[in-house]
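The values are calculated or read from the model by the stated rules, or taken from the named source; none is laboratory data. Keep in mind it's a predicted model, so treat the numbers as computed, not measured. Neighbour counts run over all protein chains shown; Cβ positions are idealised from the backbone, glycine included. Please note that ligands, DNA and RNA were not included when accessible areas were found on the heavy atoms of the full protein model with its side chains. Shrake-Rupley method; radii C 1.70, N 1.55, O 1.52, S 1.80 Å.
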Amino acid sequence: MIYIDLPADLNVEDDQGRNVARLAESVTPDAITPGTVLVTGAPRAWSWAVVEAVEDVLVYFRQVSTGKAAQRGQ
């Protein structure tokens with residue numbers, strides 16, 4: 001089973017095409033900062049992602065390939 005850092009509906013996007021999730025849903029909210037690489041989604045539909053912004057209660061991120069995630073330190 002995959003470990004999900006930030007549960008999210010990967011179909012939800014903002015006007016800039018970034019995915020959006022609630023910070024409180026994260027396993028470790030204090031570790032979610034811009035530039036963080038994490039696994040988002042759900043066990044049956046997940047993706048690597050890079051956090052672009054954390055604003056109030058929302059996390060904005062972009063899905064990335066396994067290769068891009070590895071380049072960023074995962």
*Identity of the residue in the range 1-18, open to solvent by 40 Å² or more (accessible area, probe 1.4 Å), within 22 Å of Ala70 (Cα to Cα) and among the hydrophobic types (A, V, I, L, M, F, W, C), that ends up nearest to the chain's Cα centre (by Cα)*: Ile2
_Please verify whether Ala21 is surrounded by fewer than 15 Cβ atoms within 10 Å (Cβ to Cβ), in a strand (DSSP E or B), modelled with pLDDT of 95 or more and on the phi < 0 side of the Ramachandran plot, treating the condition exactly as stated._
no
